[in-house]
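Written out below as structure tokens is the structure these notes cover.
What follows is calculated from the coordinates using simple rules that are stated; it is not laboratory data. Worth saying up front: this structure is predicted, and the values here are computed from it rather than measured. For neighbour counting, all protein chains shown are included, and Cβ atoms are generated from backbone atoms with ideal geometry for every residue, glycine included.
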Amino acid sequence: MNNNHAINIVRWVIAVPAGLLLWFAANFSIGQAFGIIHGFDRVDAFWEASGMDGVPVIGTYIIFVTRAIAAASLVGMVVFMVPRHHKQVGIIVACIVSIAAVGFSAFRLFQIVNSDLNIGPDGWYRHALEVFSMIFGAIAGAWLANLSQRKVRRPG
């Protein structure tokens, strides 16, 4: 069973959509938890604002926790689902998520510059915090998934 390439390919095909599904599920569930804690109207207004919407402390931990856990979930799920080479897969997926975070932020900032919108320091802080949170979450997810896979020696 260790050398069954069809099963390995199926696990690879399932790993990425499962990771993306967990990303969205983590974002939704954490958003609902913050909505219950701080009020849904306040959290919705925060997500719709271009800056920190007057709540820099609450906004910082909302962004950091949401983005970091979602990125860690994505990377962790992919590392958990793949058949072999968990450390290398974790590094590669964490790099891909980090590059995507930087690229997406650069795209948003490019749109802001081209549309002549004025964003203040709180808007720049928010974009930098989102990128940092996703990178941190991806690295943490790869590290934790690799540690858990070392302890669980399963065939494949």
If we keep only residues of the stretch 1-10 that are touching a residue at least 60 places away in the same chain (Cβ under 8 Å) and either within 30 Å of V57 (Cα to Cα) or among the hydrophobic types (A, V, I, L, M, F, W, C) (or both), then the residue surrounded by the fewest Cβ atoms within 10 Å (Cβ to Cβ) is M1
Counting only residues that are within 24 Å of V79 (Cβ to Cβ), loosely packed, with under 15 Cβ neighbours inside 10 Å and of a type in the set (G, A, S), the stretch 11-66 contains a total of 2
- Does at least one position in the stretch 75-89 carry a residue that is farther than 23 Å from G54 by Cα, polar (S, T, N, Q) and either in contact with a His (Cβ under 7 Å, 6 or more places away or on another chain) or surrounded by fewer than 19 Cβ atoms within 10 Å (Cβ to Cβ) (or both)? yes
*Determine if the stretch 116-136 includes at least one residue that is crowded, with 18+ Cβ neighbours inside 10 Å, touching a residue at least 60 places away in the same chain (Cβ under 8 Å) and of a type in the set (V, I, T).*
yes
